[in-house]
Amino acid sequence: MELVFLAILVLLMVGALSSGFPVGFALPGSAILSIGLAALCGWLFAGDVDAYFVQDGPIQWLSAGVTNFRSLYWDVERDTLIAIPLFVFMGIMLQRSKVAEDLLVTMAQLFGPIPGGLGISVVFVGALLAATTGIVGATVIAMGLISLPAMLRNNYSKSLATGTICASGTLGQIIPPSIVLIILADQLSNAADQAGALRIARYKEATGQTNMPSEFDVVSASAGDMFMGAFIPGLILVGLYMAYILIQALIRPSTAPPVPYDGKMDSRFALKVLLALVPPLTLIFIVLGSILMGIATVNQAGAIGAIGAMIMAGYRLVENNNRAYYPAALAVASLIIIGLVLANYELNAKNIQDEDVPGMIMAGIGVFGLLAAVIWSGWRTYRIDNTLVAVMIETAKTTSMVFIILLGAAMLTSAFRAFGGEELVRDHLTSLPGGFWTQFIVVMAVIFLLGFFLDFIEIAVVVVPIVAPILLADPSANITAVWLGVMIGLNIQTSFLTPPFGFALFYLRGVAPPSVRTLQIYRGAAIFITLQLVGLAIAGAWPSLVNYLPNRTYLTSSTAPPPLNPKLQLCLEDHLFERYRAEEGRLTAAIEQASSLDIGYLPEKTAKALAEGLVKAKMTFELTRQVDEAKSALDAFTPGYKPLHVEVRGLEADVRKLTARSEELKLYRDRESRSTTRSDARMAEFDAEITEISQEIEDIRGRVPAVWEARHKEYVVLSKALDKARSVYRRNVDDAYEPVAKLRGTLSGSEGLAAFDARIEALTSVVRDKSPELAMDAIKVVEDGLGEIADSSSIKRHVSRAWRALRRNPDQEKAIGELAKAREVLASEVAWRDRAIGSLLPGIERYDEEIRDTIGARQQKRLNLEQAKFVATCKSVHTDLSLSF
């Protein structure tokens, strides 16, 4: 019966959408009606409102709906969606203030004289508008009103002209900042959590271990990651569009002839180009650059973009006025002042020093100047043509539409899961031959076909939550959520161009002259749909195009994980092993040179640790070779073993599905046995089906090859041997470098240690002459000071004992004795440290510099740039983890 109500849910949704009912109400309405109908039927026919639900009955579904509502509107921690109104405001403000129009006209004049130049300028401006507005309707309409008449006047092919405008307008869906990418990031972050739970369950089923290694976790996605991941594929699409137009113009000049500029290309024209091009490019650089460089979050960048758009509108709306650029000039000057303050002062408002006063004054001037520029520009946009009010109303409408659809989609997805739709989709996808890539291609094909009928938001919020967890959980490809999101984003982009409901086609049809037929618009869009699919294939074939930039930015940011992070180890070791093979001679010489240093006067524990560390440093290269040998043995065994592993794991998955079905039937049978309308015939049907499933399970288990146990055991032995070799190598290099780092830190941090002798000596008089309470306070101050000196625990220990001797039953003599011992230890520590600083520290520093980025790499606070680049590249490709599951 669950499948019946699942079909009702889908039919209600399709019917509502096909009839033109608003999406924001069609989705939750379908869910509410189907859930209510299933609960009513369960109550009437089975006496249980949960009877016709696979999971999450109506009460749980209602609770989940309330939770979703709260998370969308009231949960301040879920801040991904806050960026949507900011970027919408920015885009609409630039469109309403005609900044986008100026850009389009100027670029057309600049590129027009070259073959296909007018079309190339449309693509170029479309890309710029995508990076500033991201609003498809506004971009297509603006370019349709401005560029299409010019292209038709200059004998451009109608199909090429309309296709170029429509395709360029859709670039805002993939070039950041993009509303689609923000929505996908929000959906995929939840999907990644679900996929992680599925992968953990799968790992437990396969290995019996409850704790899955962190390097097997599903990699989630944030809005910033999605922006960075989509950046290069977006540029590839722009390049494909431009290349096509240029080739078309060269092969068939009549379709895209050059358009000579009537005016003069003089200084006035150059100034016009600069005024039209530089402000939008600056805004793009500030918004995207701040995200890509890790300076600002997506929300902060969105706020910057909104303010920047309003300042630009402030001077564009004021025409033929000498004071038009005053607010913008004030904003630029204020930002320069703030930049100078940040570069030259370390300001802390809670702790202002005398030397900080000039910086505080300059910062105040810069902040108030910027605030004045924003208010000035805001007043202009409010006063002139009521632009600000109109933009805010349009922003509120668009944002409300998006949020209502998100809430309705969450309700629909919950209902879909409640009727077992997710399990049905998972079973269908996982049963397809060919593994992950077949599943992925099927999902991409379905999304592409849905684009003919559904809007991008509907696809993103309805389809993605259902299929994304399934694809992300599959360890055979181990894809990242960023890569999946960008691929879906590129695919969804085609929905604006695919007839019959391609919105870009309708937008252009509404502003195109009657001489342009609808069929010509469709024909022109077809080739660009093909180019979009080519871009999709390129991003699919080379995942590094998507994954590298987010990885590179993350690994070089201030919040980058340390090299000890388990998720970085395999890639980091690939890099280090290459260096070991290339630099073994140099590193060995550095170790030998360090071994010749005189360390006999060091404390016994320190000298022993350093000597053992040097021995272990020499062992690094042999242990590296052992890891390589173990890896080669496993790699040689894997090709013959993998098909067997995949086959048996597939059979085991079938057994689990049948077992789950058997347990479900037993539950139904028990429910039937307790029903007041018990049917013996129905009970017999349950028994027969349960028996049939049990027999099928036995048949599947009988198909497991006889060699499986032996071959799997051999694989486990080889895998554990590699894990052990890696573990031994990692412990060895850590033990080899740690004494060096510790000794260097000790010697470098010993400044001021000798001064504590007088302070401890003074404590003796305090203990003898003052009350225990005052003496304890004085001892605590000295103890805290010793805590700031590197490796001073041996001294601090005796000082602490002196404090404890005075705590309950004050014993002045014992306290004084401990302070005397502290002075003895202090003298010994100062003596060997002073000697080591003069004779040993230079050699230790040279040795540290030689091995820091190789043997000592794991002990550093962060990856260096070379390591970060290598690891980012390494982690940008998909890695098959299926043999670990």
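The values are calculated or read from the model by the stated rules, or taken from the named source; none is laboratory data. For clarity, every value in this text was computed on a predicted model and none was experimentally measured. Positions of Cβ are generated from backbone atoms using ideal geometry, with glycine treated the same way; all protein chains shown enter the neighbour counts. The accessibility values were calculated without ligands, DNA or RNA, using every heavy atom of the protein model including side chains. Shrake-Rupley method; radii C 1.70, N 1.55, O 1.52, S 1.80 Å.
Annotations
- Whether the stretch 418-513 is rounded, prolate or oblate, judged on the alpha carbon gyration tensor where a/c under 1.5 counts as rounded: prolate
- Degrees, to the nearest 10: 23-45 long Cα axis against longest axis of the chain: 90 degrees
- In summary, the lysines within cross-link reach of residue 666, defined as a Cα separation below 30 angstrom excluding same-chain residues under 8 places away, comprise 204, 657.
- Think of a 1.4 Å ball rolled over the protein heavy atoms: the chain then has 47 Å² of accessible area per residue.
- Crossing angle, helix 136-153 versus the chain [Cα axis fit, 0-90 degrees, rounded to tens]: 60 degrees
- Relative contact order %, the chain, counting alpha carbon pairs below 8 Å whose residues are six or more apart: 16 percent
- Counting only GluC sites (Glu not before Pro) that DSSP places in a loop and that have at most 13 other Cβ atoms within 10 Å, the longest clean stretch of the chain runs over 347-750.
- Using θ = phi - 60° and Karplus 6.51 cos²θ - 1.76 cosθ + 1.60, couplings along the stretch 722-729 (whole Hz; Gly, Pro as x): 5, 4, 5, 4, 5, 5, 5, 4
- An oblate overall shape is assigned to the stretch 222-313, the ratio a/c of its alpha-carbon gyration tensor axes (a ≥ b ≥ c) being 1.5 or greater and a/b not exceeding b/c.
- Prolate/oblate/rounded label for the stretch 532-689 (Cα gyration tensor, a/c 1.5): prolate
- Mean ellipticity per residue at 222 nm, deg cm²/dmol - from DSSP H runs of n ≥ 4 across the chain, formula -39500 (n - 2.57): -25500 deg cm²/dmol
- Cysteines having no other Cys beta carbon under 4.7 Å from their own, within the chain: 41, 166
- Carbon-plus-sulfur accessible fraction, the chain (probe radius 1.4 Å, protein heavy atoms only): 61%.
- Against the chain, whose longest principal axis is taken from its Cα atoms, helix 58-73 shows a tilt of about 80°.
- For the residue pairs 780/814; 724/869; 780/861; 567/618, alpha carbon separations beyond 24 Å are given by 724/869; 780/861; 567/618.
- Our summary gives the stretch 284-423 a relative contact order of 23 percent, counting only alpha carbon pairs under 8 angstrom and 6 or more residues apart.
- The stretch 265-347 - percent relative contact order, Cα under 8 Å, separation 6 or more: 17 percent
- Along the stretch 6-13 the Karplus relation, 6.51 cos²θ - 1.76 cosθ + 1.60 evaluated at θ = phi - 60°, assigns HN-Hα couplings of 5, 5, 4, 4, 5, 5, 4, 5 Hz to successive residues, with x for each Gly and Pro.
- Our coupling estimate for the stretch 403-412, obtained by passing each phi through the Karplus curve with A = 6.51, B = -1.76, C = 1.60 and θ = phi - 60°, is 5, 5, 5, 4, 5, x, 5, 4, 5, 5 Hz, Gly and Pro reported as x.
- Longest site-free stretch - the chain; sites: trypsin sites (Lys or Arg not before Pro), DSSP loop, at most 12 other Cβ within 10 Å: 351-677
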